[in-house]
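Some notes on the structure that comes next.
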Amino acid sequence: MAACNNNQPAKSSNAAGQSSATSNSADAGKATDLTFEEKVHNFGDITQGEKVEYSFKFKNTGTRDLIIEDAISSCGCTVPEWPKQPIKPGESGFMKVIFDSHGKSGYTEKEISIKTNREGGYQVGPKIQCNIITK
């Protein structure tokens, strides 16, 4: 998963020919920022084979439009879904996380990594937890 270690921001040029990744603007660090209301959701006990989902509410706390480019989990049993349209500063959105417990048992914790148009590449996102009871 080499993409997970790619912390280099994509460089693009604006109309004046300046690279956005090397811009010296005072608010470059907070130009876009993704803040979740809740960082962890615990489903409690679920039955093996059950699919559960939860929608995490987030807000763009930056000063520019936020674009979620990608969201990944450590395994295919956890699938994030996110808005594809830009989120304006101050606006909120939801990231739905679907977990499939098929073939799993015991305590499980899955974290989502999110790539946005903010400087720095991937950032740690929300986390789900549950205890899977076998039949």
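Being over 16 Å from the mean Cα position of the chain (by Cα) and modelled with pLDDT under 95, is that true of even one residue in segment 89-100? So far as segment 89-100 goes, no, none of its residues is over 16 Å from the mean Cα position of the chain (by Cα) and modelled with pLDDT under 95.
Of all residues in segment 60-88 being of a type in the set (S, T, N, Q) and within 16 Å of the chain's Cα centre (by Cα), which is nearest to residue 44 (Cα to Cα)? Applying the filter and picking the extreme gives 78. Go through segment 35-73 residue by residue and tally those that are exposed (fewer than 14 other Cβ atoms within 10 Å of the Cβ), β-branched (Val, Ile, Thr) and farther than 29 Å from residue 89 by Cα. Qualifying residue count for the region: 1. Cβ separations smaller than 7 Å between residues 6+ apart or across chains give the following pairs from segment 42-62 residues that are at pLDDT 95 or above to residues that are of a type in the set (Asp, Glu) and outside any loop (DSSP other than H, G, I, E, B): 51/100.
The values are calculated or read from the model by the stated rules, or taken from the named source; none is laboratory data. Worth saying up front: this structure is predicted, and the values here are computed from it rather than measured. Methodologically, a virtual Cβ is constructed for each residue, glycine included, from the backbone with ideal geometry; neighbour enumeration extends over all protein chains shown.
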